[in-house]
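Read the structure below first, then the notes.
Every number here is computed from the coordinates shown, using simple stated rules; none is lab data. As the structure is a computational prediction, the values presented were derived from the model and not from experiment.
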Amino acid sequence: MNFLQAIGSGFRNYATFSGRAMRSEYWYFALFIVIAGLVAQILDVYLFPLHVFIRGVGPLGTLSTLALFLPSLAVAVRRLHDIDRTGWWSLLYLTIVGTLWLLYWACKRGTSSVNRFGPDPMPVAARESTHR
């Protein structure tokens, strides 16, 4: 899955907490969130400098955070499903050690067959090329 496909999948499955997400989908969507946040912050500084100076955060940054929270949570839960973990593990983001543990899990290869959350999202040809 490439960058644009991952963004499309993230928004198509805006609030879908079932199914599985490949590593590429998760990481490309995370990259998109970082880029969108940086762009929003830069625009806030130029368009609303006084507001950002007084409050420390601008309206565009706040709106982008609110708009991207649910799809980012959904793709994180689907990524946990890919390694056969329940989405409730995402509550570990509330702790520092838990965030590191979830980062480790996000880097792990997903189960290569059907698990309790659904079929493997990676096409067979792509899976065979990564095992070489």
Considering Cα pairs under 8 angstrom that are at least six residues apart, work out the relative contact order of the stretch 3-130 and quote it in whole percent.
-> 31 percent
What does the convex hull of the alpha-carbon atoms of the chain project to on average, in nm²?
-> 9.1 nm²
Of GLY19, GLY56, GLY118, the one that fluctuates the most in a GNM where the chain has Cα springs shorter than 10 Å = GLY56
